[in-house]
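Okay, structure first, notes after.
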Amino acid sequence: MAGPSPPDQVRGLVVIVSLHLADIGVRNVRAVLRERPRPDATPGLRYAQTTLTGAISSGPPVLRPGRAALLAAWEDDAALDRFLAEDPLPRRLAGGWHVRLQPLRISGSWPAMPVETDPGAGPEAEDGPVVVLTLGQLRLRRALPFLRANSRAAGRAAADPSLIASAALARPPRFVGTFSLWQSMSAMCHYAYGADRPAHKEAVRAHEAEPFHHEAAFLRCRPYGAQGTLDGHEPMAVAAKAGRNP
């Protein structure tokens, strides 16, 4: 386990998010897509989505055909612990990496995942590594403009040395998302809002002018626990080392 301590547990108030990424082979990816957990059958689960994954990069989407992802929101850490111990799906993903996230801020709306941010999370809670999740239910007629705008922003993110780990998430035909782990809050904000890096702001303006999605949300999270490896490394350990040696 790597990363800071978990948030205080307040049942029904603090919601945590988990992301699991694992290379399991194409056949098993199809099985994972079919095995999406259901909140009505999984105690403490608020939301779950199993997805295909790809690289965050410029140009057309680059699929990772053998890598699957599970994105989920939980009532508390105990609910996630039960799921990890008792459900067969996390065993399929056990050879990869998973991280626990405390939502700090949310922009937009994602009714299927009732995230409640921590009302006590001030700027000091955002020091250190930060994870950004983007979630969208794509308007199919806006798919090409979305891909063009996303390509420019993703290419700039992929080239940023402060980006520690990332993945594009998709469950056709409509769900699209991204995960990105940044060395620090300031580095992420410089990518997103810096005057010398307009690609992200241009994508946001294009979405505001004519939305790409029926629903969309942007979550900023504090990663407080991680287990396993991704591409031969533990990303939280890499982020901590980068923070010590800027």
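Label sites at ARG91 and LEU140, each approximated as a point 7 angstrom past Cα along Cα to Cβ, lie 3.8 nm apart. Using a simple spin-label model with pseudo-atoms 7 Å out from Cα toward Cβ, TYR193 and ARG171 lie 3.2 nm apart.
Annotation for ALA55 and GLU35: the two label points, set 7 Å from Cα along the Cα-Cβ direction, are 2.8 nm apart.
Estimated at 0.36 nm per residue, the fully extended path between VAL26 and LYS241 surpasses their Cα-Cα distance by 74.1 nm.
Here the Karplus relation 6.51 cos²θ - 1.76 cosθ + 1.60, evaluated at θ = phi - 60°, turns the backbone of the range 85-98 into coupling constants of 7, 10, 8, x, 4, x, 5, 5, 9, 5, x, x, 9, 9 Hz, with x for every Gly and Pro.
Bear in mind these aren't lab numbers, they're just calculated from the coordinates by the rules spelled out. What you are looking at is a predicted structure, and each value in this text was computed from that prediction instead of being measured. Note: ideal-geometry Cβ built from the backbone for every residue, glycine included; neighbour counts use all protein chains shown.
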